[in-house]
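The values are calculated or read from the model by the stated rules, or taken from the named source; none is laboratory data. Keep in mind it's a predicted model, so treat the numbers as computed, not measured. Ideal geometry is used to build each Cβ from the backbone, glycine not excepted, and the neighbour counts take in all protein chains shown.
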Amino acid sequence: MSLKDAYWDSSALVPLCISQPQSAKARVFYDRYRIVAWWATQVEIISGLTRLERMGQISHDQFLVGKQLAWDLIQSWYSVGSLGIATEACTLLELYPLRAADALQLAAALEVCAHRPRGSVFITADQRLADAARRAGFTVEFL
């Protein structure tokens, strides 16, 4: 079976790397959709994993396993990025109540689908980003 492409943001990818309440649902989506991600998503994933370790929510061993799983995902996904993403992100910040990185995620997703999001899937565990992606025209799969 050929997987359909879907844009994944980091909040949906971290649960593939470490056990979290959304992990089971993330694995269902992983079996259904090929990962398309912004080039800097890898930084966000590692940032999330290090933050969880620093907060004591995961052990160092869990961090190391999660980091290896993240690198395995990074090697297999389709990465997107361009200078136009920054310009688009600035516009999105005016349209939706997003943080900078979330605006960059949504801008990258819009670039992947040539700014025609109808029928394109956006996977996230971030409610604010999900709402903005939905308003922009994506079909949202929420963890």
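Please verify whether the range 74-90 includes one or more residues that are among the hydroxyl-bearing types (Ser, Thr, Tyr), closer than 19 Å to residue 27 by Cα and modelled with pLDDT under 95. I'd like the intermediate steps shown before the answer.
Residues of the range 74-90 that are among the hydroxyl-bearing types (Ser, Thr, Tyr), as a first pass: 76, 78-79, 82, 87.
Next cut, closer than 19 Å to residue 27 by Cα only: 76, 78.
After this cut, where a residue has to be modelled with pLDDT under 95 as well, the list is 76, 78.
Among the residues of the range 74-90, at least one is among the hydroxyl-bearing types (Ser, Thr, Tyr), closer than 19 Å to residue 27 by Cα and modelled with pLDDT under 95, which makes the answer yes.
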Q) How about the range 22-48: which of its residues are modelled with pLDDT under 95 and in contact with a helix residue (DSSP H, G or I) (Cβ under 6 Å, 6 or more places away or on another chain)? A) 38, 41, 42, 44, 45, 48
Q) Which one is farthest from residue 25 (Cα to Cα) among residues in the range 112-143 that are in a strand (DSSP E or B) and free of Cβ contacts under 8 Å to residues at least 24 places away in the same chain? A) 139
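Would you mind stating whether residue 107 is in contact (Cβ under 8 Å) with a residue 12 or more places away in the chain and under 19 Å from residue 25 (Cβ atoms)? Even if it seems obvious, please write down each step before you answer.
Numbers: in contact (Cβ under 8 Å) with a residue 12 or more places away in the chain: yes; under 19 Å from residue 25 (Cβ atoms): no.
No, not satisfied.
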